[in-house]
Structure formats: structure tokens, C-alpha cells
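Working notes, structure below.
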Amino acid sequence: MTLTDYRRQLLLELFQAGLARVEGRHCTAAALRAAAGWRPLRVWTAAIGKAASAMALGAHDALGSVQERLLLITKDGHVPPEARALPGVEIYESAHPLPDARSIAAGERLLRWTQELPADVAPLFLISGGASSLVEVLAAGVTLAELKRANDAGIASGIAIAELNADRTRLSRIKGGKLTAQLAGRRARALFISDVPGDDPAVIGSGLLGPADSGADHVERTVVASIDHAVAAAGELAQGRGLPVHLGAERFDGDARRLAVRFTHELDLYPEGIHIWGGESVVRLPEHPGHGGRNQHLALAAARGIAGRRDLLLLAAGTDGTDGVSLDAGALVDGETCARIALAEIDVELCLQRADSGTALARAGDLIHTGPTGTNVGDLVIGLKCASC
């Protein structure tokens with residue numbers, strides 16, 4: 001193994017350590033087992049989001065036969081055989097990142113499910129990122145075409161996720177605490193895997209199980225995983241390997257190219273070791289974007305900043321295992337990435353302008369593919385500065 005191969009493997013292992021800490025199955029099971037005083041005789045569970053299958057399996061691990069029925073709503077390709085075999089499961093595979101007619105069907109089923117809960121059943125809701133697109137019940141007078149336009153415009157403009165979710169809430173009969181209001185004050189539990197700044201249940205999944213405006217709200221809410229947990233776990237592994245660790249002081253956000261400049265500057269300026277940041281960038285898309293996502297865009301821009309540097313590497317990847325509409329989680333670039341792309345006769349700047357970073361990074365051999373990870377807490381950026389390690 002070459003020195004570069006060793007360094008690349010190290011960053012991938014740190015990324016995997018972050019994923020393991022926030023994996024939905026063990027986080028959900030641990031939270032339910034630790035829930036003092038919550039020992040219902042009958043439970044119906046609704047799991048919604050990209051981590052829904054993993055969270056549902058964790059609930060089954062903790063509750064066993066007490067969990068009688070399960071409504072599972074998740075993204076295409078995110079239901080493993082073990083989840084399909086859960087007792088009493090009803091599965092909806094829906095659309096992400098843009099809603100479609102399946103999102104409406106899944107949202108209407110979720111609304112009916114909530115309204116039909118028997119009086120002697122304890123409702124359990126498992127919410128993770130992606131729920132905003134996966135389920136919807138449109139407000140009166142709103143059409144699916146209008147919803148699609150709002151989502152298209154929000155994603156293309158690169159607005160922050162909290163602002164996009166607020167726009168979605170205005171079009172919805174279930175977001176922004178409106179589904180909570182359907183519980184009419186009955187007690188329920190809700191566990192969240194957070195992919196939003198501040199880990200606020202009023203924002204996660206566009207507030208699908210956020211506080212009800214009516215005030216009749218007896219939902220006990222717990223965030224079981226967030227980007228801070230992933231950052232800490234990656235840092236702990238690096239420290240265990242004897243490496244100095246520098247953690248970002250706060251969650252990052254904003255334009256991916258500007259963040260790439262910031263991260264590569266910090267790598268160059270600050271002491272040697274592992275640098276870890278958590279958050280979520282945005283990309284303003286051209287009219288006809290190419291292949292890739294925000295993490296690939298950030299990584300490709302960073303590759304320009306570290307070109308020719310043997311001591312610097314940077315990984316940028318989504319913890320859910322996807323990046324934009326691609327099936328890759330992100331990319332890991334080094335000082336030779338731009339040279340490999342040039343040998344393939346691809347123009348880096350043109351790819352950045354066209355939001356086609358995935359094409360360039362594929363030719364460089366720098367894409368990261370994990371498949372569905374069972375979590376979704378945002379993005380990890382991990383940098384290495386080391387002349388000898």
C-alpha cells in the first residue's frame with residue numbers, strides 16, 4: 001500500500017466511524033431501551049424518512065412483539081429484506097429528493113393511519129431526513145404541480161434547508177405540526193435523526209412531528225442522532241490512532257465552492273492532523289445540471305485548492321449514502337486529483353460551472369459509494385494534513 005493509499009483508507013475509516021455512531025438501528029433501539037417509564041402493552045409505529053428502515057428495525061429490537069403494526073415510508077431502494085419481514089409491516093417506497101404522486105399517496109396513508117389509531121395503542125413515530133419529500137398531503141387549493149415547482153425552485157436556488165422546509169410547510173396539511181394536531185392531545189413518542197441546524201423537531205422533516213400550534217400536544221420528542229455525534233465519533237477514532245484532531249467549531253452551511261476555499265485554506269494554515277467539519281452545503285444549479293451533488297461539487301472545488309500538494313487530502317460525503325440525485329455519497333480528493341482529471345481531457349472549471357462534478361470525479365476514481373447507510377444527519381467533511389503519516 002502506498003502512502004497515498006494509506007491516507008485515503010484512513011479518511012474512509014473515519015467516515016465509516018461517523019456513520020456507525022449515528023446508524024438508525026442501534027440509536028433507536030438504545031433510546032427506546034433507555035426510556036424510563038415507557039413500557040406500553042401495544043405499540044403502532046410509523047417510520048418516515050431515508051433512515052426509516054433502520055429505525056424500524058431498532059424499534060423491533062427494543063420492543064419485540066409489543067410493536068404490533070408498522071407503517072414504513074422511505075426512499076426507493078432503502079428497504080432491506082429484514083425490514084420487509086417485520087411483523088405487521090406496511091411499506092410505501094416514495095420519491096426523493098423531489099416529491100411525486102407517490103408522496104401524496106404515502107402522506108394520505110400516514111394521515112389516515114394517525115386518525116385511525118386505537119385508543120389503547122401507544123403511537124411511536126420515527127422521523128428522519130427525507131420525510132419532507134417522501135410524504136405530503138396538500139393544503140386546499142394546492143396542486144402537485146405547484147408543489148413540484150416550489151421544490152424545484154428551492155433546490156435549484158440553493159436556499160438553506162430550513163428555508164426550503166418553511167416553504168413546504170405552507171403548502172401542506174401535515175407539516176409544521178399539523179400531523180401532531182391530528183393526535184388531538186393523545187400521548188405519543190417521537191424519535192428523530194436530525195439533518196437540520198439546531199436539531200429542532202419543528203424543522204426536521206418540515207416539522208412532520210413538530211409541536212402543534214393548537215397547544216394540545218403531548219408528544220415526547222427525542223433526537224437520537226445528529227451531525228455532532230458523527231463528528232465526535234470520527235474524531236475519537238483519529239485520536240485513537242494517535243493523530244491530532246481539529247473539530248469545526250460550528251455546523252457549516254452555505255455555498256459549496258466557498259466552503260471548499262475555506263476548508264482548503266484551513267487545512268493549509270492550521271497544524272498537521274485530522275480536521276473534521278459537519279453540516280450541509282448548497283449548490284446553485286444551472287438550467288441543465290450535470291451529474292453529481294453538493295458534496296462532489298465541494299470536493300472537486302477543493303481538489304483545485306490542494307492540487308500538487310502531497311500532504312493534503314479531503315473527503316466530503318453525505319451520511320445518507322447519496323449526494324443530490326446521484327447514488328454516490330461524495331468524493332475523496334488528493335493532490336493528484338486534478339492531474340488525473342486532466343489526463344482524461346476533462347475541464348474542472350467547466351464541470352463546476354455545469355454542476356457536473358460527478359463526471360470529473362468518476363474519471364479520477366475519487367467517488368465514494370456506500371449504498372444506503374441507515375442514517376441521515378447531513379454531511380461530513382474530513383481533511384488530512386500530514387507530511388509523514
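The values are calculated or read from the model by the stated rules, or taken from the named source; none is laboratory data. In this text the structure is predicted, and so the values were computed from the model without any measurement.
Determine whether Ala36 is assigned to a loop (DSSP other than H, G, I, E, B), among the aliphatic types (A, V, I, L, M) and at negative phi.
Details: assigned to a loop (DSSP other than H, G, I, E, B): yes; among the aliphatic types (A, V, I, L, M): yes; at negative phi: yes.
Yes: the conditions hold for Ala36.
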Counting only helices (runs of 4 or more DSSP H) entirely within segment 74-141, those with at least 1 residues that are among the hydrophobic types (A, V, I, L, M, F, W, C), within 20 Å of Glu23 (Cα to Cα) and assigned by TED's automatic domain parsing to the domain that holds Leu57 are 81-84, 131-134
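I need the full set of residues from segment 162-180 which are among the hydrophobic types (A, V, I, L, M, F, W, C) and modelled with pLDDT of 95 or more, in order please. Write out each step before concluding.
Looking only at segment 162-180, we keep the residues that are among the hydrophobic types (A, V, I, L, M, F, W, C), and these are 162, 164, 166, 171, 174, 179.
Correct list: Ile174, Leu179.
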So, restricting to strands (runs of 3 or more DSSP E) that lie completely within segment 266-376, which ones have at least 3 residues that are among the β-branched types (Val, Ile, Thr)?
273-282
Answer yes if at least one residue in segment 5-25 is part of a loop (DSSP other than H, G, I, E, B), among the hydroxyl-bearing types (Ser, Thr, Tyr) and at pLDDT below 95, and no otherwise.
no
Restricting attention to segment 39-73, which residues are over 21 Å from Val223 (Cα atoms) and in a strand (DSSP E or B)?
Glu68, Arg69
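One line per residue, one yes/no per condition, for (1) hydrophobic (A, V, I, L, M, F, W, C); (2) under 19 Å from Gly176 (Cα atoms):
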| position | (1), (2) |
| --- | --- |
| Arg84 | no, no |
| Gly88 | no, no |
| Asp100 | no, no |
| Ser103 | no, yes |
| Thr114 | no, yes |
| Phe125 | yes, yes |
| Gly129 | no, yes |
| Leu134 | yes, yes |
| Thr143 | no, yes |
